[in-house]
Amino acid sequence: MDEIRNYMEETLISIDREQSLSDGLKVLQSNSVSSLLITDNGKYAGIFTETDLARHVIAEGRKLSKIPMSVFLNKRLITLEASHSMQEAYERMRSSHIRHLGVTDGGEFVGLLSIKDFANYYHNAFNADDSERGDIDYFMQKTLAIVSPEQSVRAVAKTMKELKTGAVLIGNREVCTGLATERHLLQHVCKALEAGYDSQIGSIKVQPFVSIPCKESMESAYQLMRKHNIRHLAVTDKPSIANRKIVGVLATNDFASYYSFKVAQDVAEEDKVRYYMEENLLEIDSEATVQAASQLMREHNAGALLVKRGDKYSGLVTERDLIHGVLAEGGKASDTISAHQAKPVTIDTNRSMEDVLSAMRDNNVRYVIATENKRIKGIVSIKDLAIYFKHKYVSESVEND
């Protein structure tokens, strides 16, 4: 497999935690980058991105000179060793919901990977097939963020924050004059500072409107984005300009998902997660007690429970969480599950069990949630992993004998 070290960015731009955000913007502008590593006593401790600026600074109308870079150290800098594969790195980014991944070598910070690096890696490493049309409709973002040209930069940043999106269309579904991204807001504020918050979005430099019909191939969309050097592409319902409507937006991370999905299709069926996962899911309400969770585990001889808050899953609680939370940390049997549940690690059902091993090892967990089209389908335990390796390698050894 291709190692991260061969694809990471080795030129690291950083700023000390005690410097102000206005200082940080000067560094961003002078180096033409969209993210900064934050140092604490000379060590890399966090990262500041264009998303942070749009959602947590511009949207809230905060003064740049009053914000120390240390404010952004509340996000843990997630890293992976340089010897890991690019596919493992992408899984780490996907499961952690991040767009930048730190790279270490023997524990020393040596590089950085972005989601764009993955899109390019997958595209170059695996044969692109231009004949597979219609995939755009499956991978594009269908929830559109549309703003009028008269809206302020700050109002647009608020919309991005509320909808958790990195781009907004300017205009409407029928007539769009451009597309504004977090990077455009960053570039504008770097020059205008706080005065730029009140600028109309239609007056600042944004991406010209570039689109592709939804029935075209992902390969065609990728090449179109490379041609125009853009990270977002509008998707329309038909190729003709007359009466066409915008139905979605493609972003760089959608291409990383697409190519990763294509790789997963090459996994032998008997090696896929779906073949070994446990589909009979046990659930418990987030307000239930630790004692109730323990009893449910004992009754069903289970080691993990999906935690629900209302009608949505909010996490996973395992027997190890209960042991650590109650016995090791002095918790009580009457504590609610929400106080001890773990952040779940997920993996697509089409991935291989080898990928499950990597996910468990990298996150130090013994259970992984299996998903399909962002819906939970099952749970894979370390026991399931043992069964897989026994079937695959012990059986192969017997056959070879």
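The values are calculated or read from the model by the stated rules, or taken from the named source; none is laboratory data. Keep in mind that this is a model prediction, so the values were computed, not measured. Glycine also receives a Cβ, built like all others from the backbone with ideal geometry; neighbour counts cover every protein chain displayed.
Could you count how many residues in segment 63-83 are small (Gly, Ala, Ser) and in contact with a helix residue (DSSP H, G or I) (Cβ under 6 Å, 6 or more places away or on another chain)? Step through it out loud before you land on a result.
Residues of segment 63-83 small (Gly, Ala, Ser): 65, 70, 82-83.
Then drop every residue that is not in contact with a helix residue (DSSP H, G or I) (Cβ under 6 Å, 6 or more places away or on another chain), which leaves 65, 82.
Adding up the residues that qualify gives 2.
Does segment 250-259 contain at least one residue that is within 18 Å of the chain's Cα centre (by Cα), at pLDDT 75 or above, part of a strand (DSSP E or B) and outside the structural domain of Ala302 (by TED's automatic domain parsing)?
Yes; the residues of segment 250-259 include at least one that is within 18 Å of the chain's Cα centre (by Cα), at pLDDT 75 or above, part of a strand (DSSP E or B) and outside the structural domain of Ala302 (by TED's automatic domain parsing).
State yes or no: is Asp40 within 30 Å of Leu193 (Cα to Cα) and modelled with pLDDT of 90 or more?
Numbers: within 30 Å of Leu193 (Cα to Cα): yes; modelled with pLDDT of 90 or more: yes.
So Asp40 passes the test.
Any idea which residue in segment 38-47 is surrounded by the fewest Cβ atoms within 10 Å (Cβ to Cβ), counting only those that are touching a Lys or Arg at 6+ places or on another chain (Cβ under 9 Å) and either touching a residue at least 12 places away in the same chain (Cβ under 8 Å) or of a type in the set (A, V, I, L, M) (or both)? Talk me through it step by step, then tell me what you get.
Going through segment 38-47, the residues touching a Lys or Arg at 6+ places or on another chain (Cβ under 9 Å) turn out to be 38-41, 45-47.
This time we only want the ones that are either touching a residue at least 12 places away in the same chain (Cβ under 8 Å) or of a type in the set (A, V, I, L, M) (or both), so: 38-40, 45-47.
Working: Ile38: 23, Thr39: 19, Asp40: 14, Ala45: 19, Gly46: 22, Ile47: 23.
It comes out as Asp40.
Of the numbered conditions (1) within 28 Å of Phe261 (Cα to Cα); (2) basic (Lys, Arg); (3) not assigned by TED's automatic domain parsing to the domain that holds Thr236, Lys164 fails exactly one; give the number of that condition.
Lys164 satisfies all of (1) within 28 Å of Phe261 (Cα to Cα); (2) basic (Lys, Arg); (3) not assigned by TED's automatic domain parsing to the domain that holds Thr236 except (3).
Counting only residues that are surrounded by 14 or more Cβ atoms within 10 Å (Cβ to Cβ) and of a type outside the set (Phe, Trp, Tyr), give me the strands (runs of 3 or more DSSP E) lying completely in segment 273-390 with at least 3 of them. It would help to see each step written out before you state the result.
On the way: elements: 283-285, 304-309, 312-318, 346-348, 367-372, 375-381.
Where strands (runs of 3 or more DSSP E) fall fully within segment 273-390 and carry at least 3 residues being surrounded by 14 or more Cβ atoms within 10 Å (Cβ to Cβ) and of a type outside the set (Phe, Trp, Tyr), they are 304-309, 312-318, 346-348, 367-372, 375-381.
Does Phe118 count as part of a strand (DSSP E or B), aromatic (Phe, Trp, Tyr) and touching a Phe, Trp or Tyr at 6+ places or on another chain (Cβ under 9 Å)?
On the way: part of a strand (DSSP E or B): no; aromatic (Phe, Trp, Tyr): yes; touching a Phe, Trp or Tyr at 6+ places or on another chain (Cβ under 9 Å): yes.
Against the criterion (part of a strand (DSSP E or B), aromatic (Phe, Trp, Tyr) and touching a Phe, Trp or Tyr at 6+ places or on another chain (Cβ under 9 Å)), Phe118 does not qualify.
Taking the condition of being within 20 Å of Ser20 (Cβ to Cβ), among the acidic types (Asp, Glu) and in contact (Cβ under 8 Å) with a residue 40 or more places away in the chain, how many residues in segment 49-101 meet it?
1
Filter segment 95-136 for residues that are more than 27 Å from Leu37 (Cα to Cα) and buried (at least 16 other Cβ atoms within 10 Å of the Cβ); which is modelled with the lowest pLDDT?
Keep residues of segment 95-136 that are more than 27 Å from Leu37 (Cα to Cα), which gives 123-136.
Those still in the list that are buried (at least 16 other Cβ atoms within 10 Å of the Cβ) too: 123, 128, 133, 135-136.
Numbers: His123: 72, Ala128: 55, Arg133: 58, Asp135: 74, Ile136: 86.
Among those that are more than 27 Å from Leu37 (Cα to Cα) and buried (at least 16 other Cβ atoms within 10 Å of the Cβ), it is Ala128.
Could you grab me the full set of residues in segment 1-27 that are in a strand (DSSP E or B) and touching a residue at least 60 places away in the same chain (Cβ under 8 Å)? Walk me through it before giving the result.
First, pick out the residues of segment 1-27 that are in a strand (DSSP E or B): 3, 9, 14-16, 20.
The answer is Glu3, Glu9.
Among (1) farther than 24 Å from Ser65 by Cβ; (2) without any contact (Cβ under 8 Å) to a residue 24 or more places away in the chain, which single condition is His184 missing?
(1)
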